Each structure stands twice: as structure tokens, then as C-alpha cells.
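Note sheet for the following structure.
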Amino acid sequence: MKLRHGSTFTGYGGFDLAARWLGWKNVFQVEKEKYCKRLLKRNFTGPQLFDDIKKFDAKPFYGTIDIISGGDPCQPSSLQGEGRGKQDPRYLWPEYLRIVKEVYPAWIINENVPGSIFNGILDSKISDLENEGYTCWPPLLIPGAAVGTIHQRERVLLVAYAPGWRFEQLFATRIADQQGKGKLSGKSFTPPAVGIKAGHTSIRAILREANGAAERLAPSVRNGGIRAGGNGVVPQLVYGVMKEIDRITEAYINDHQL
């Protein structure tokens, strides 16, 4: 069973790369930064690329997406920022939640900075998802160093799953097709057993290790690339969590003979 994945606040495609490593199908991406959009167009084939999340209508994807990922902008919660929280104009969790409500996927995975724990935004996210019928895992706080980077960059991952009937609704009509339908978003392969190689301190090196893109786009890496790397999620960091989602989903399908 190959899950169908849609990403929001896609950035350079950290979640999408992890999905590719698992053999999932990347169905859509939502990203407005020009540099990141160039990366996505070069490195992914198949997913529809949308621009402004505020204008993105996800309703046509209802019933077709198994998991939605995304890291809404961290500036409202960053300990290095102004600390404006929900009053910050870059607070875009409501747009992420709107897309979840329009698609109602079996799974969601959200990423943000540890500051969202302290300002109450993480609690609000959990409450919002539970009000929509989701059950949330205990939030995960994972540093980049856990997957081999030499930088800490702790990230909070919030994972939630829908009621069992939603799993059955999504998967029952597709289980006979074990190969999945449509074109996968690029060649599937297994990520390195160890994450980012020790000694890779630059954003260029991190992006190259992640998807090979920074080498080709080296002339612009000092501007758009640094911003993309700073905002983006390390794909090796989310890969393990997404792999567990994959395992749980497969077990559910087998146990319920879908």
C-alpha cells in the first residue's frame, strides 16, 4: 500500500523527499517562494504545485489524500523573533487546519519550533485537531543531531490520525492495486542509514545531502538557498516518523482485511 501525500508550506520538499524514500505518491505541493518552487519543479515530477496557501482550494482532493504534512511559518513562535504568537500576520496554522478539514486525510503531520510549546500554540493545534475528530500522538521533540547533523535545530512534530472509518473509506477501494496508481514523484530509493554526514556545516551541503539540488543551483544558494534551508525540515528527521505511520497503516489494513 503506497500512501498518497499532500504537502503544505512545502519549502524545498523535506517532507516530500521522505515520502519519496518510502515510495509514497506526492500528489500536491503548496509553496510560494520562487527559489523553492524552482527546486520543486526540478526535483519532483507528478505532484501539482500550487502557489498561495490562502488561495489554495483543497476540496477537490477530498477522499484522495491519505496524509497531509507541513510546517507552518515558525516566526510567530520562534524564540529569536518578536514573540507575537497568534497576533503575528505570519501565523498560518488556520490555513493548514482549513486544508485538513477540506481533505480530511487519515493522517496529518505538522512541524514547528519548540517555541510553540511555550506560547500555547501547540496546545491550540491539538485542541483544533481533536475538535475535528482526530486523535493526536504525544508531541515529539526531535533535534537534527538525532539523525546525524552537527546542528541541534530541535523541531516539534505533531502527528494525528482520523477515526477508523476514515481509514476504511480511503483504503477499501484501492487495496487491490498494490502498486498504486499514477506516476510516483521521482525514483524511489532508501535514504542513508546515517543522516547528514558529519562535517557538513553549510546550508549548501545540507541541501545537497538531502536531495542533490544545491550543487546544481549553487550560484543562488547564498540567498534563496539559505532561506530555504533555514525554514525547511530535514527530511531524515521526519523519515523515521513517516515510516512508522506507514507501518501502522499497513497493519491496520491487514488487521481489518481491507
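General observations
- Here Leu79 fulfils each of the conditions (1) at pLDDT below 90; (2) aliphatic (A, V, I, L, M); (3) buried (at least 23 other Cβ atoms within 10 Å of the Cβ) apart from (3).
- Single residue of the range 15-66 satisfying the filter (closer than 23 Å to Ile245 by Cβ and hydroxyl-bearing (Ser, Thr, Tyr)) that is surrounded by the fewest Cβ atoms within 10 Å (Cβ to Cβ): Tyr62
- Members of the range 30-51 that are under 14 Å from Gly70 (Cα atoms) and among the acidic types (Asp, Glu): Glu31
- Checking each residue in the range 1-51 for being farther than 23 Å from Trp107 by Cα, touching a residue at least 60 places away in the same chain (Cβ under 8 Å) and of a type in the set (D, E, K, R) picks out Glu33, Lys34, Arg38, Arg42.
- Every listed requirement among (1) without any contact (Cβ under 8 Å) to a residue 60 or more places away in the chain; (2) under 25 Å from Phe28 (Cα atoms) is met by Gly115 save one, (2).
The values are calculated or read from the model by the stated rules, or taken from the named source; none is laboratory data. Since the model is a prediction, treat every value here as computed from it, not as a measurement. Virtual Cβ from ideal backbone geometry, glycine too; neighbours counted across all protein chains shown.
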